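Heads up, the thing below is written out as structure tokens.
The values are calculated or read from the model by the stated rules, or taken from the named source; none is laboratory data. Just so you know, these numbers come straight off a predicted model, no measurement behind them. Neighbour counts run over all protein chains shown; Cβ positions are idealised from the backbone, glycine included. Each accessible area value is taken on the protein alone, full model and side chains, heavy atoms only, with ligands, DNA and RNA left out. Shrake-Rupley method; radii C 1.70, N 1.55, O 1.52, S 1.80 Å.
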Amino acid sequence: MTPLRRAALAAAACAVASLAAAAAPAAPRIETTPPRLHELLRGARTVVVGRVSQVTEYDSGRVAVAELSVARVIKGDAAAGPLRVVELRSLASVPPVLSRGEHVVAFLGPAARTSYLRQVLPPGDYLQAPGREAVLSASAEEPVREAGAVVERLAAASREPEPDPAKRRAAARALVFDELQARHPAVVEDGVAALAALPDLEPLSDDERSRLAAAIARDDLPVRLRERLLEQVAALGLEDMIGPLAALRSDDPAVVAASWRALRRLGAAPDERQIAREL
């Protein structure tokens, strides 16, 4: 390849990365890190896996009460019937947190006892989620059932910690890599954050390398989460993932740019063939 061609490809690489930035909204991008699952678990009085059986709106839709049929109680007392969960819906443009028919893992506390809620709601006991991140929802049952099992493992480890340090570390490590292959994005994101907290992360086992490589290749995750995963892999210096990063395919320029940044940080900047392929 001529020096001129090589220079052109290098310039094109910069252009592709620039396209990812140009595709972002004009407003400043605000990155928020959701609370970890163990933090939600610790802060909640009641944690359940269930299904939203009914939603009733009050005050012209500004307040909704979801009836939650409980399939499994992870924390708190078992309810005799459906839980009533309050949701404030002040903006019509914001999607509801709880919708009829959805399966959920919900981290709940007592509903706020404001004069407004006392005025618009019938008397009774109500619960409330502290934020959108405190409800893991999906239209299908399996991702939520799987997420509930992960939260249940966290709850069990909190209630009865394993006395043997080596076994405790092994169980925590196994949970992280189970999270990375979970169906629900919120569980995957928890696993991405938990990677950095694992002591002596390297060397990875064959199974761990396979699971992490599969997570990198997934195209069913939100772009923001895929970028975060690639950034975490690079920040941790996981050179075992150079191959999966180089093989990554995506139609989203932000994901491509994130993979190239990760490769550069790992000392394996994209070569001419990779750049030409993206052109």
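Here is a yes/no grid of residues against (1) open to solvent by 50 Å² or more (accessible area, probe 1.4 Å); (2) within 21 Å of Arg45 (Cβ to Cβ):
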{"position": "Arg132", "(1), (2)": "yes, yes"}
{"position": "Ala138", "(1), (2)": "no, no"}
{"position": "Glu141", "(1), (2)": "yes, no"}
{"position": "Glu162", "(1), (2)": "yes, no"}
{"position": "Lys167", "(1), (2)": "yes, no"}
{"position": "Leu175", "(1), (2)": "no, no"}
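Would you mind stating whether Leu201 is modelled with pLDDT of 95 or more and under 25 Å from Pro35 (Cα atoms)? Considered against the rule, which asks whether it is modelled with pLDDT of 95 or more and under 25 Å from Pro35 (Cα atoms), Leu201 comes out as no. Scanning region 70-114 for residues that are charged (D, E, K, R), in contact (Cβ under 8 Å) with a residue 12 or more places away in the chain and either open to solvent by 40 Å² or more (accessible area, probe 1.4 Å) or assigned to a loop (DSSP other than H, G, I, E, B) (or both) gives Arg72, Lys75, Asp77, Arg84, Arg89, Arg100, Glu102.
If the condition is being under 20 Å from Asp77 (Cβ atoms), open to solvent by less than 40 Å² (accessible area, probe 1.4 Å) and not in a strand (DSSP E or B), then region 30-56 contributes Leu40, Leu41, Ala44. Of everything in region 179-208 that's over 20 Å from Val135 (Cα atoms) and in a helix (DSSP H, G or I), which residue is most open to solvent (accessible area, probe 1.4 Å)? Out of the qualifying residues, it is Asp206. Restricting to region 115-130, give me the number of residues that are open to solvent by 60 Å² or more (accessible area, probe 1.4 Å) and out of contact with any helix residue (DSSP H, G or I) (no Cβ under 8 Å at 6 or more places or on another chain). Final tally of qualifying residues: 6. Residue pairs whose Cβ atoms lie under 6 Å apart, sitting 6 or more positions apart in sequence or on different chains, and linking a residue in region 228-240 that is under 19 Å from Ala257 (Cβ atoms) and in contact (Cβ under 8 Å) with a residue 60 or more places away in the chain to a partner that is among the basic types (Lys, Arg) and part of a helix (DSSP H, G or I), do not occur here.
Taking the criterion of being more than 19 Å from the chain's Cα centre (by Cα) and either in a loop (DSSP other than H, G, I, E, B) or among the charged types (D, E, K, R) (or both), would at least one residue in region 212-227 satisfy it? No: zero hits.
Here Arg153 does not fit the description of being within 24 Å of the chain's Cα centre (by Cα), surrounded by 15 or more Cβ atoms within 10 Å (Cβ to Cβ) and not in a helix (DSSP H, G or I). May I ask you to verify whether Arg228 is farther than 23 Å from Pro34 by Cα, open to solvent by 30 Å² or more (accessible area, probe 1.4 Å) and either modelled with pLDDT of 90 or more or of a type in the set (D, E, K, R) (or both)? Answer is no for this residue. Take Phe107 and decide whether it is aromatic (Phe, Trp, Tyr) and within 30 Å of Asp207 (Cα to Cα). Spelling it out, it is not the case that Phe107 is aromatic (Phe, Trp, Tyr) and within 30 Å of Asp207 (Cα to Cα).
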